[in-house]
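The values are calculated or read from the model by the stated rules, or taken from the named source; none is laboratory data. Nothing here was measured: the structure is a model prediction, and the numbers come from that model. When we count neighbours, we look across all protein chains shown, and the Cβ atoms used for this are built from the backbone with ideal geometry, even at glycine. Surface areas here come from the heavy atoms of the whole protein model, side chains and all, with no ligands, DNA or RNA. Shrake-Rupley method; radii C 1.70, N 1.55, O 1.52, S 1.80 Å.
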Amino acid sequence: MSAGSDDSTLLTPRNLGAFLLVSVIWGGTWLVIKDQLGNVPAQWSITYRFVVACLGMFALAKLRGESLALAKGGQRWALLLGITQFTLNFTFVYNAEHFITSGLVAVMFALLVVPNALLGRLFLGQRITPAFVLGSGIAAVGVALLFTQEYRASPATLGEVLLGAGLTLGGILSASAANIAQAMEGAKRQPLLTLLAWSMLWGVAINAALAFVTVGPPSFDPRPSYALGILYLGLLGSVVTFPLYYGLVRKVGAGQAAYTSVIVPVVAMILSTLFEGYRWGLLPAAGAVLVLGGMVVALKGRAAVPPRRATPEP
């Protein structure tokens, strides 16, 4: 795909619309995940989420006329994504929120743009423009200000913050590995919705096995908010968003697509203002402005997705 392709930049209306929708929905997932952490072990909550998501994704693939069978080698890609995106990533994230606030985790996830850009350059040949570097640097300062504000407001001890940050870093690296895998030619040859459905099915199997081994038989929270949260995370937070997000990864590259993770903390803080009484101060306001300004600068670089090349399957 060349720089002149209509789908090669995040700024085209269709891509920008998908980007904003993903950012808004994922911005709301942090509040919902926070409510999920209680009586039910995290691994079972993750399993329930992807049972719903898997069923929804297979149904969506069928409605869109996609074959429910993967092409040759497809199950290996589905297993890879099931492990990296739908097991490791969410296991790290849910457990990180036991030690630090959802706001801290959301803010740290803005760093996803860094490994995505670097791994995209290494494995996919996607160039990194000076504007992207400058904009990411500006956004990183904004993230640091948001992180400082969230850390000051957090009741966690330094040890808990470090453990939570380490778990979050594991989630970031797992998500980045999944992003790069999704953008490789072997994965691109698979129908997107079907690939995601099978990946989620692998995720359900692996998460359920981990849950049985680590915490025992399944349990469920009878609160209506818990069930509604599972539906929100499974349908809106997964079935709606992952096809849009991975579609962006395939079109504009992992680096630009990962800017959803930069916008998500700002959306999460706005939602916290509306529903949790969060109060904005100078520090978070300046951080949000820098995050948004940095994204604008970065995207002006319009880093092009390079021509497709053969990539060996794993």
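Here are the numbers for this structure:
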| read-out | value |
| --- | --- |
| Selection from segment 263-288 of residues that are closer than 22 Å to LEU118 by Cβ and either in contact with a Leu (Cβ under 8 Å, 6 or more places away or on another chain) or of a type in the set (Ser, Thr, Tyr) (or both) | ILE263, PRO265 |
| Residue match in segment 77-86 (condition: more than 30 Å from LEU163 (Cβ to Cβ) and modelled with pLDDT of 95 or more) | yes |
| Out of LEU274, LEU283, sole residue that is assigned to a helix (DSSP H, G or I), surrounded by fewer than 19 Cβ atoms within 10 Å (Cβ to Cβ) and modelled with pLDDT under 80 | LEU274 |
| Residue within segment 61-79 that is closer than 25 Å to VAL215 by Cβ, open to solvent by 10 Å² or more (accessible area, probe 1.4 Å) and either touching a Cys at 6+ places or on another chain (Cβ under 8 Å) or outside any helix (DSSP H, G or I) (or both) present | no |
| Selection count where residues are under 29 Å from ALA144 (Cβ atoms) and in contact (Cβ under 8 Å) with a residue 24 or more places away in the chain, scope segment 223-280 | 32 |
| Boolean, ALA165 is in contact (Cβ under 8 Å) with a residue 12 or more places away in the chain, open to solvent by 10 Å² or more (accessible area, probe 1.4 Å) and outside any helix (DSSP H, G or I) | no |
| Counted residues, segment 94-123 - those being part of a helix (DSSP H, G or I), open to solvent by less than 20 Å² (accessible area, probe 1.4 Å) and hydrophobic (A, V, I, L, M, F, W, C) | 9 |
| When residues of segment 10-51 are limited to those that are at pLDDT 90 or above and among the small types (Gly, Ala, Ser), the one farthest from VAL93 (Cα to Cα) | GLY17 |
| All positions within segment 189-209 that are open to solvent by 40 Å² or more (accessible area, probe 1.4 Å), part of a helix (DSSP H, G or I) and of a type outside the set (Val, Ile, Thr) | TRP198, LEU201, TRP202, ALA205, ALA209 |
| Some residue of segment 172-180 being over 17 Å from GLY82 (Cβ atoms) and open to solvent by 40 Å² or more (accessible area, probe 1.4 Å) | no |
